[in-house]
Amino acid sequence: MKEKLRLYLIADFKYYDENFLKKVEEAIKGGVTAVQVRCVEGGDRKFLHIAREVQKITQDHDVLFFINNRADIAFILDADGLHLGQEDLPVEEARRIVGNKIIGISVGNEYELDYALKTDADYLSFGSVFVTPTKEDAGEPIGAEGLRKLVKLSDDRPKIAIGGITLENVKEVMDAGVDGIAVSSALMLARNPFDVAKKFREITG
């Protein structure tokens, strides 16, 4: 699964516009290997509709499709996986809804890592590494050194880094020992998501 998490796009509704789906597809064509749909605000019907459209694109290109937080929507869409934050449903409860689908969990410090390692989450997402415009409640950035420390304390589950990752700092992030990166604004706000994704993949492998 590590290869499938190399370049993980967070398709956040915060960046929704008339080109939303086109940007997702262009980013996938450029090298994105997984897409997570995230909607903090907005109605469930819109979330379900747009997520279904994104899912069609991921299926056409054979990349993983995740839903953020909402186990019910992940179940309805038969998504490949579900991503959970520390304040979301406990992994074991979400597992009762989504079954053997992939479940990822966010980790921002050693305390959260300790909890995550006791669950059967399939992958770990470390961050926010740097300041991020996407998630205003992301907390204090852990930095590259903090990331490296969490990686060393972790087990052999796939590990990705998230938060403020750009083409300028991605090498430093990968050098910390993660298997992949998750990005949102770097691709969703890019003038050419295809080119940016391709450049990310040249560094992440």
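The values are calculated or read from the model by the stated rules, or taken from the named source; none is laboratory data. Predicted model only: the values in this text are computed from it and were never measured. In this analysis, Cβ positions are derived from the backbone assuming ideal geometry, glycine residues included, and neighbour counts consider all displayed protein chains.
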Next item on the list: Go through (1) more than 19 Å from M188 (Cα to Cα); (2) part of a strand (DSSP E or B); (3) not β-branched (V, I, T) and name the single condition E92 misses.
Entry: (2)
Item checked: region 10-32, residues that are over 15 Å from Q59 (Cα atoms), outside any helix (DSSP H, G or I) and of a type outside the set (V, I, T) -> A11, D12, Y16, D17, E18, N19
Notebook entry, point to check: List the pairs whose first member sits in region 37-56 and is free of Cβ contacts under 8 Å to residues at least 40 places away in the same chain and of a type in the set (S, T, N, Q), whose second member is part of a helix (DSSP H, G or I) and surrounded by 12 or more Cβ atoms within 10 Å (Cβ to Cβ), and whose Cβ atoms are under 9 Å apart, counting only residues at least 6 apart or on separate chains?
Noted result: Q55/L77
Next item on the list: Name the residue, out of L64, L82, that is surrounded by 19 or more Cβ atoms within 10 Å (Cβ to Cβ), under 18 Å from D12 (Cβ atoms) and under 16 Å from the mean Cα position of the chain (by Cα).
Entry: L82
Next item on the list: Please indicate, with yes or no, whether at least one residue in region 123-136 is in contact with an Asp or Glu (Cβ under 7 Å, 6 or more places away or on another chain), of a type in the set (S, T, N, Q) and modelled with pLDDT under 95.
Entry: yes
Next item on the list: Would you mind finding the one in V183, V131 that is surrounded by 14 or more Cβ atoms within 10 Å (Cβ to Cβ), under 17 Å from the mean Cα position of the chain (by Cα) and not basic (K, R)?
Entry: V183
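Per-residue answers, yes or no, for (1) over 13 Å from the mean Cα position of the chain (by Cα); (2) free of Cβ contacts under 8 Å to residues at least 12 places away in the same chain; (3) surrounded by fewer than 23 Cβ atoms within 10 Å (Cβ to Cβ):
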| residue | (1), (2), (3) |
| --- | --- |
| D88 | yes, no, yes |
| R96 | yes, yes, yes |
| N100 | yes, yes, yes |
| G104 | no, no, no |
| Y111 | yes, yes, yes |
| Y115 | yes, no, yes |
Notebook entry, point to check: Out of curiosity, is L153 over 17 Å from N68 (Cβ atoms), modelled with pLDDT of 95 or more and either among the hydrophobic types (A, V, I, L, M, F, W, C) or crowded, with 20+ Cβ neighbours inside 10 Å (or both)?
Noted result: yes
